[in-house]
Amino acid sequence: MTDAAETYDRATYLFETRDYAGAADLFAELVRREPDKQELQLTLARALYHSAQLGRAEERLRVLLDRWPSDAYAHLLLARTLQRAGRAEEGRQHLLLAQAMGLDG
């Protein structure tokens with residue numbers, strides 16, 4: 001098993017070089033190891049979104065928001081995920097929450 005720091009560095013590199021599917025796999029491994037780290041949860045959701053794994057992104061974001069409901073960016077990303085999935089009306093409440101928390105959609 002690789003060191004968590006090495007896995008994080010590799011996952012971050014993959015994300016930055018737009019290998020979002022590869023990054024999602026590694027961030028999922030990190031989340032399994034450390035499920036209480038909000039940053040890992042959010043970065044996994046971002047990688048899933050960017051790799052068009054919208055169902056998995058939505059699931060991850062809903063889990064994240066159940067735990068950290070004041071995460072404005074997670075609300076914005078869930079709104080964008082639902083919009084991209086053709087469910088914009090369902091995402092509207094999350095977009096409004098993100099805006100109310102100070103993020104522009």
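Calculated FRET efficiency, ALA100 and ARG32, Cβ-Cβ r, R0 35 Å, to nearest 0.05?
Efficiency, from the Cβ-Cβ distance: 0.60.
Report the relative contact order of the stretch 4-100, percent, no decimals, based on alpha-carbon pairs under 8 angstrom and at least 6 residues apart.
18 percent
Can you compute the modelled spin-label distance between ARG67 and ALA88, with each label point 7 Å from Cα toward Cβ, in nm?
Placing both labels 7 Å beyond Cα along the Cβ direction yields 3.2 nm.
Indicate the gyration tensor shape class of the stretch 30-105 (rounded, prolate or oblate), computed on the Cα atoms with a ≥ b ≥ c the square roots of the eigenvalues: a/c under 1.5 is rounded; otherwise a/b larger than b/c is prolate and the rest oblate.
oblate
Work out the length of the dipole vector of the chain about its Cα centre, built from +1 on the beta-carbon of each Lys and Arg and -1 on the beta-carbon of each Asp and Glu, and round it to the nearest 20 debye.
340 debye
How large is ³J(HN,Hα) for each residue in the stretch 8-17, as worked out from phi by the Karplus curve 6.51 cos²θ - 1.76 cosθ + 1.60 (θ = phi - 60°), to whole Hz, x for Gly and Pro?
4, 4, 5, 4, 5, 4, 4, 5, 5, 9
What are the trypsin sites (Lys or Arg not before Pro) within the stretch 5-105 that DSSP puts in a loop, where the Cβ has at most 16 other Cβ atoms within 10 Å?
Of the trypsin sites (Lys or Arg not before Pro), the ones in loops of the stretch 5-105 whose Cβ has at most 16 other Cβ atoms within 10 Å are ARG18, LYS37, ARG87.
What is the local net charge at GLU58, summed over the other residues whose Cβ is closer than 14 Å to its Cβ (Lys, Arg +1; Asp, Glu -1)?
Combined, the nearby Lys, Arg, Asp and Glu give +4.
Rule-based calculations on the coordinates, nothing more; no lab input. Quick caveat: nothing in here was measured; it's all calculated off a predicted structure. As a convention, Cβ positions derive from the backbone with ideal geometry for all residues, glycine included, and neighbour counts pool all protein chains shown.
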